[in-house]
1. What whole-number distance in Å separates the alpha-carbon centres of the stretch 1-18 and the stretch 70-122?
2. Could you work out how much longer the chain between Glu141 and Leu17 gets when fully extended? Use 0.36 nm per residue separation minus the Cα distance between them, nm to one decimal.
3. Please work out the FRET efficiency for the pair Lys69 and Met8, using the Cβ-Cβ distance as r and a Förster radius of 45 Å; give the result to the nearest 0.05.
4. Under the 0.36 nm per residue contour assumption, what length would be gained going from the current alpha-carbon distance of Thr79 and Thr53 to full extension?
5. How much solvent-accessible surface does Thr51 expose, in Å² to the nearest 10, with a 1.4 Å probe and all protein chains in place?
6. Per residue, how much accessible area does the chain have with a 1.4 Å probe, in Å²?
7. Taking GluC sites (Glu not before Pro) as exposed when DSSP calls them loop (any state but H, G, I, E, B) and at most 16 other Cβ atoms lie within 10 Å, what is the longest stretch of the chain free of them, the sites themselves excluded?
8. In vacuo Debye scattering of the stretch 22-99, one point per C-alpha: log10 I(q)/I(0) at q = 0.12, 0.22, 0.23 Å⁻¹?
Amino acid sequence: AVIGGLLMGYGAYGSDLEKRMIDYSRRNLDWLSANHPGLPAFQLEAGDATTHTWSPLPQLVAAEGYLGKPFTTTPRPETLAQTIFECNTIIRKALTNLAAQLPSGTRFCLAVPAWSVNGKISHLPLIDQLPRLGYNTVDFERTGGQPLLYHRPDQIVARQLLVITMK
């Protein structure tokens with residue numbers, strides 16, 4: 001998301017819980033800056049999205065939430081339920097933290113996990129709770145009201161793209 005924002009002319013602010021992911025991103029962004037002079041400024045820092053304070057505050061957010069375990073085989077129902085619970089809890093806490101910091105109208109594009117198991121898609125429960133968390137959902141124009149999911153046919157963990165705005 002940071003690279004895409006920079007290439008589109010936006011200043012970028014990236015954070016991740018894992019310092020090593022910040023280090024990887026910094027190396028990628030240093031290469032990008034050396035090969036594309038004149039990119040806007042960027043800032044990277046390690047931080048837990050459930051408690052982090054962003055400064056300066058972003059004007060828009062493009063992020064990927066915690067995806068949980070990278071299943072390579074069909075999980076047992078109780079394992080899937082636990083993973084959904086964990087992902088839902090972490091992402092809900094992050095959205096609650098952001099809601100306390102960002103002004104009304106701030107726009108998000110957020111990738112959250114969904115799971116494709118035996119032809120059935122399981123979504124995060126928090127998607128139905130977004131209005132209570134302080135967010136409005138924005139429907140995609142070309143999906144006929146259906147969620148926008150992407151994953152390979154053999155992949156269990158999918159990504160559901162959400163566009164939301166702060167109330």
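The values are calculated or read from the model by the stated rules, or taken from the named source; none is laboratory data. All of these numbers come straight from a predicted model, not from anything done at the bench. Using ideal geometry, Cβ is built from the backbone for each residue, glycine included, and neighbour counts are taken over all protein chains shown. Just the protein is used for accessible areas: all its heavy atoms, side chains included, with ligands, DNA and RNA removed. Shrake-Rupley method; radii C 1.70, N 1.55, O 1.52, S 1.80 Å.
1. When both Cα centres are located, 21 Å separates them.
2. 41.3 nm
3. 0.90
4. Values: separation 26, 0.36 × 26 = 9.36 nm, distance 3.23 nm.
Answer, rounded to one decimal: 6.1 nm.
5. Roll a 1.4 Å probe over it and Thr51 shows about 100 Å².
6. Values: 10110 Å² over 167 residues.
Ligands and nucleic acids excluded, the result is 61 Å² per residue.
7. Within the chain, the longest run free of exposed GluC sites (Glu not before Pro) spans 19-140.
8. Relative scattering, expressed as log10 I(q)/I(0), comes to -0.53, -1.08, -1.12.
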